[in-house]
Amino acid sequence: MFPPFPQESAQKICLAMIRQLEEGALILEQVTELSEERAGIGIMLGALICRDSDEKEVILKTASGFSRTLIPRFEDEAIYVPPIVRPEEIEGAVAANDDAIHALTAAINECEKRLESASNEEAKAIGAEKKELVQRRLSLTQESVAKVYALYSFHCADGSVRSLLDICAERSGGKYPPTGTGDCCAPKLLDYAFSHGLKPVSMCEVFYGRGTPHKISGTSYPPCDERCGIILPAMLGLEILYRDEDIIVVNKQSGILSVPGKTEKDCIVNRVRRLFPHCIEQPAVHRLDMETSGLLVLAFTKEAHRNLNRQFEAGTVQKEYIALVDGLLPAQKIPEHGSMELYFRVALDNRPHQMWDEVYGKKAVTEWQIKDVETYYAPDGSRRKVTRVQFFPHTGRTHQLRLASADSHGFGFPIIGDTLYGHCAPGERLMLHAQSLSFTHPTTGKPLSFFCKSDF
């Protein structure tokens, strides 16, 4: 994943930690027995520079894993952040099933030995016995994993505390994450910062120890996709795909506003401003409907904001959306590729709905490409055939793509989950996602393109 905060200042601290470890001024203490597969493998060292409520600098340091801790031999003003969950808590969570799991493993190994000299008839019985033992061990192992993960919770930027299991339920349908999730440097550092009212300024993780094909000692790496990619977006309230001094690109989740509403203040703009206090008051240059997910670019500076606004107004920003349309478009003789011009204005007595008005409506130009006909599995377990469509909006009108799909002047079939122009079943969301965004960097002039796959 993309580093959520600038790395340069924190990287210097990480490199200084390596020097201190090599000189003996800093000790990496192993607080639990090291497993054979982890022996000799390097670790990540992390540093986070923060500001407190008085704008005083606070430095946080940590090491990856729950079984190792950094101990300075000399006075150090930095705060050394401990693991989210203490080793003894983890050992306690797995202890109940440990003996049974070891016994089952021994029984499975015994079955494998018996298979070496068994007849065909005996092999069938032993194979069935082994399969049952493996299933029982898997069940106990999953039970232990669930107990361990239930111990993890994280302080978030908005002041809330979220459990790992809750985060996984939201981001991966409840599927358990890889082992070690929550023990990387970034979530530990940010958890401490948010729980103590500190504002992150710079964060970096540097690998230290025997190198691997994927990691070199002394080199900085972004937070990992497989573990931190699950936790950090929930902690930060943002999934950051790119960030520099001028702009930030995020993957907006369905269900949150792009900009503040009349009564609802939680939105992408305010989440960006909370994490990056130097951001201008109104960084938004475009928006997505609350129910639509996908790519948003926001500006940190007034100059970048003006430049991006000009690009959107000139129509030089390229956008692509993917949608699941609730109908079989090919069966209605709708071409595989085409473009439509529709005219809509707000329905004054039914806001925020838009209505067809060929005289006073604003022109909305939409290009489409039918990608596939597929089976949609609804939350209630039912299934039906739907059409996956790629949209290329050439204008930026309100509800443009939802109307292009649902209105009789367009396809005549709503996008699945559309609360305004269709139907949204319990547990469903609007199946519309801004998957591609291309524009020119407002300061460097470099072309930038971003792609973010939908989760449907």
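The values are calculated or read from the model by the stated rules, or taken from the named source; none is laboratory data. Note that this is a predicted model, so its numbers are computed, not measured. Note that each Cβ is placed from the backbone with ideal geometry, even for glycine, and that neighbours are counted across all protein chains shown. Only protein heavy atoms, including side chains, enter the accessible area calculation; ligands, DNA and RNA are left aside. Shrake-Rupley method; radii C 1.70, N 1.55, O 1.52, S 1.80 Å.
Brief remarks on what is shown
- Normalised by 2.2 N^0.38 Å, where N counts its residues, the alpha-carbon radius of gyration of the range 293-365 equals 1.51.
- Largest-first principal axis extents, alpha carbons of the range 169-294, Å: 54, 34, 29
- Solvent accessible area, Å² - S449, 1.4 Å probe, full protein context: 90 Å²
- Entries in K175/K371; K199/K252; K56/K453; K265/K362 that, when Cα-Cα distance is taken, lie over 32 Å: K56/K453
- For the chain, the spread of Cα positions along each principal axis, largest first, Å: 78, 71, 39
- Rounded to the nearest 20 debye, dipole of the chain from Cβ charges on Lys, Arg, Asp, Glu: 1220 debye
- Carbon + sulfur, % of accessible area of the range 308-445 - ligands and nucleic acids excluded, 1.4 Å: 49 percent
- Degrees between helix 87-116 axis and first principal axis of the chain (Cα, 0 to 90, nearest 10): 80 degrees
- Spatial offset of the range 110-127 relative to the range 380-449 amounts to 57 Å, using the alpha carbon center of each.
- Within the accessible area of the range 83-163, the carbon and sulfur atoms contribute 51%, probe 1.4 Å, all protein chains present.
- Axis angle, to the nearest 10 degrees, between helix 185-195 and the longest C-alpha principal axis of the chain: 70 degrees.
- Once the Cα gyration tensor of the range 246-317 is diagonalised, semi-axes √(5λ) in Å: 19, 15, 10
- Per residue Cα convex hull volume in Å³ - calculated over the range 311-456: 129 Å³
- Basic side chains Lys and Arg get +1 at the Cβ, acidic Asp and Glu get -1 at the Cβ, and with that the dipole of the range 216-273 about its Cα centre reaches some 280 debye.
- Mean accessible surface per residue for the chain, computed with a 1.4 Å probe while every protein chain stays in place, in Å²: 52 Å²
- The chain: relative contact order as a whole-number percent, Cα under 8 Å and 6+ apart: 13 percent
- E112/S382 FRET efficiency (R0 51 Å; Cβ-Cβ; nearest 0.05): 0.70
- On Cα atoms only, tilt of 8-23 relative to the major axis of the chain in degrees: 10 degrees
- Burial order of peptide ranges 226-239, 175-188 (average beta-carbon count within 10 Å, highest first): 226-239, 175-188
- For the range 388-456, the average shadow cast by the Cα convex hull is 5.9 nm², which is a quarter of the hull's surface.
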